1. Tell me which residues, restricted to the stretch 178-187, are within 22 Å of Thr13 (Cα to Cα) and touching a residue at least 40 places away in the same chain (Cβ under 8 Å).
2. Note down all Cβ pairs under 8 Å where the first residue falls in the stretch 1-14 and is closer than 14 Å to His166 by Cβ and part of a helix (DSSP H, G or I), the second is open to solvent by 60 Å² or more (accessible area, probe 1.4 Å) and modelled with pLDDT of 85 or more, and they're at least six residues apart or on different chains.
3. Could you please find all residues in the stretch 198-213 being under 19 Å from Lys172 (Cα atoms), aliphatic (A, V, I, L, M) and touching a helix residue (DSSP H, G or I) at 6+ places or on another chain (Cβ under 9 Å)?
4. Considering each residue of the stretch 82-115, count those that are at pLDDT 95 or above and either β-branched (Val, Ile, Thr) or not in a helix (DSSP H, G or I) (or both), and give that number.
5. If you go through the stretch 199-215 one residue at a time, how many are loosely packed, with under 12 Cβ neighbours inside 10 Å and not basic (Lys, Arg)?
6. Hey, could you check the stretch 37-81 for residues that are touching a helix residue (DSSP H, G or I) at 6+ places or on another chain (Cβ under 8 Å) and surrounded by fewer than 16 Cβ atoms within 10 Å (Cβ to Cβ) and say which is nearest to Ala11 (Cα to Cα)?
7. Does at least one position in the stretch 168-176 carry a residue that is open to solvent by 20 Å² or more (accessible area, probe 1.4 Å) and under 13 Å from Asp135 (Cα atoms)?
8. Take the residues in the stretch 26-56 that are assigned to a strand (DSSP E or B) and in contact (Cβ under 8 Å) with a residue 24 or more places away in the chain; name whichever of them is farthest from Cys6 (Cα to Cα).
Amino acid sequence: RHFFNCDFYQALTKGRKPVVNDEHYCQRLENGIRVPTKKEDLITSLWLEVLHGLSSNYTYCWDKRQWDWKTYEQAKQNVIKPSYKSSSLLNPYNMPPSELVAFKQFQEELAPFKEKLLPFPRVKPATVAVYYSHDTMVQRANLPNPPKKGIKHESTTSTWYTTLLHAQFPVKVVFDEDLADLGPEIKALVFPDTQCASDETLRLARAYAVKGGLVI
């Protein structure tokens with residue numbers, strides 16, 4: 001859901017403020033088992049953040065897990081059951097030292113395109129808007145059929161969002177205050193999870209449909 005997280009915060013700032021990833025985790029899993037991260041994983045992950053509006057990140061981590069292992073065997077055990085600890089760059093089973101060249105290689109790849117890629121906006125104008133229902137999120141636990149334990153409100157919304165993105169539809173997140181100002185470039189408005197939509201939200205959705213927009 002990292003795509004969704006990046007663009008959610010870009011939507012909150014209306015693309016006017018830089019967003020920082022305070023803890024960047026990068027893992028490679030195969031059949032549920034943590035295997036060593038490759039430099040390509042980090043490079044791809046960093047490009048994802050550039051293209052989805054993040055201005056910088058703090059990659060996890062150089063110095064916070066040294067007490068978890070003192071020998072290579074302990075380091076190996078640390079990654080048998082993956083957790084956030086399995087992103088530590090210090091552990092050679094997480095990230096072999098040879099792969100740390102990823103940071104330098106990413107900078108070299110980015111360098112020729114900085115002036116073109118780093119200014120905002122960085123993405124193609126959206127043609128589909130996915131509505132994020134803050135009211136539903138707040139009232140989630142009080143609904144007649146609350147989500148099962150461990151399932152968050154964002155799951156349905158971000159699944160719709162990511163599916164549209166991967167289907168090559170330029171897509172953005174919108175909130176209540178955005179519904180009245182959707183332009184003609186927005187061809188569809190998606191309401192993934194809106195049990196607590198207000199009367200005003202429904203009115204704006206109907207008005208959008210009357211103007212010829214598709215409401216899902």
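The values are calculated or read from the model by the stated rules, or taken from the named source; none is laboratory data. Keep in mind that this is a model prediction, so the values were computed, not measured. Don't worry about glycine lacking a Cβ; one is built from the backbone with ideal geometry, like all the others, and counts go over all protein chains shown. The area values use the complete protein model at the heavy-atom level, side chains included, leaving out ligands, DNA and RNA. Shrake-Rupley method; radii C 1.70, N 1.55, O 1.52, S 1.80 Å.
1. The answer is Asp178, Leu179, Leu182, Glu185, Ile186.
2. Asp7/Lys172
3. Leu204, Ala205, listed by residue number.
4. Here the count works out to 1.
5. Counting residues in the stretch 199-215 that are loosely packed, with under 12 Cβ neighbours inside 10 Å and not basic (Lys, Arg) gives 4.
6. Among residues in the stretch 37-81 that are touching a helix residue (DSSP H, G or I) at 6+ places or on another chain (Cβ under 8 Å) and surrounded by fewer than 16 Cβ atoms within 10 Å (Cβ to Cβ), the one nearest to Ala11 (Cα to Cα) is Leu51.
7. yes
8. Among those residues, the one meeting the criterion is Ile33.
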